[in-house]
Amino acid sequence: MMATTWGPRGWILVALASLVLLAVVGAFATGMRMARVGAALGHARGPLSEGLRSSLRDPVLLTSLWVRSAIVLGIALLMTLKPPGLASLVTIVLAVAIGLLVSQLTARRSRQQYANELG
């Protein structure tokens, strides 16, 4: 449909490349860590151990979640506005930067909460 209706427009190419980026971030940042956590959860009985809890609180998992969410929202914005190629690229770069920023802010807040709980 893209080839017959739209042709190779900038926003389409950037959105497709962003989908590949989404898969790469998911595979390397989330997939490998969650595979280890999933295997440990399969063998766990009763309450979660502290080691398993810390694995689930891994900052890389949180960063991956925020970045992937921002990329998806960036792709939706591209599909809605259909900007030219350079503006599309800037949109996705800004989305990734915003995802990274939000993940750092939430990680900092979480560390402060844990420090306050510990005393």
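How large is the accessible surface per residue of the range 1-105, computed with a 1.4 Å probe and reported in Å² as a whole number?
Per-residue value: 63 Å².
Which of Leu65, Leu100, Leu56 moves the most in a Gaussian network model of the chain with Cα springs under 10 Å?
Leu56
Hey, rough spin-label estimate for Asp58 and Thr5, points 7 angstrom out along Cα→Cβ, what's it come to in nanometres?
3.9 nm
Which of the peptides 44-53, 67-76, 89-98, 18-27 is most tightly packed, and how do the rest follow, judged by the mean count of other Cβ atoms within 10 Å per residue?
Taking the mean over residues of other Cβ atoms within 10 Å, the ranking is 67-76, 89-98, 18-27, 44-53.
Normalising by the residue count of the chain, find the relative contact order in percent from Cα pairs under 8 Å and 6+ residues apart.
Relative contact order comes out at 36 percent.
Keeping the other protein chains in place, figure out the carbon and sulfur percent of the accessible area of the chain, with a 1.4 Å probe.
Exposed carbon and sulfur together represent 70 percent of the surface.
Using 1/(1 + (r/R0)^6) with R0 = 22 angstrom and r between the beta carbons of Phe28 and Leu73, what's the FRET efficiency to the nearest 0.05?
0.60
Can you pull the Kirkwood radius for the range 1-79, inverse mean 1/r over Cα pairs, to one decimal in Å?
14.7 Å
If N is the number of residues in the range 42-119, what value comes out of its Cα radius of gyration divided by 2.2 N^0.38 Å?
Compared with the compact-globule rule of thumb, the range 42-119 sits at 1.51.
Quick one: which residues, 5 or more positions from Arg9 or on another chain, have an amide H under 5 Å from its amide H? H modelled 1.01 Å from N in the peptide plane, none for Pro or chain starts.
none
Let me check I've understood the local charge: for Gly74, count other residues with C-beta under 15 angstrom from its C-beta, Lys and Arg +1, Asp and Glu -1. What total comes out?
+2
Which value, in debye to the nearest 20, describes the size of the charge dipole of the chain about its Cα centre when Lys and Arg Cβ atoms bear +1, Asp and Glu Cβ atoms bear -1, and nothing else is charged?
My answer is approximately 80 debye.
Residues in the range 52-77 near a label at Val37, defined as backbone nitrogen under 16 Å from the 7 Å Cα→Cβ point?
Those under the cut-off are 52-69.
The values are calculated or read from the model by the stated rules, or taken from the named source; none is laboratory data. The model shown is predicted, which means the values in this text are computed figures rather than measured ones. Methodologically, a virtual Cβ is constructed for each residue, glycine included, from the backbone with ideal geometry; neighbour enumeration extends over all protein chains shown. When the accessible area is computed, the model is the full protein with side chains, heavy atoms only, and any ligands, DNA or RNA have been set aside. Shrake-Rupley method; radii C 1.70, N 1.55, O 1.52, S 1.80 Å.
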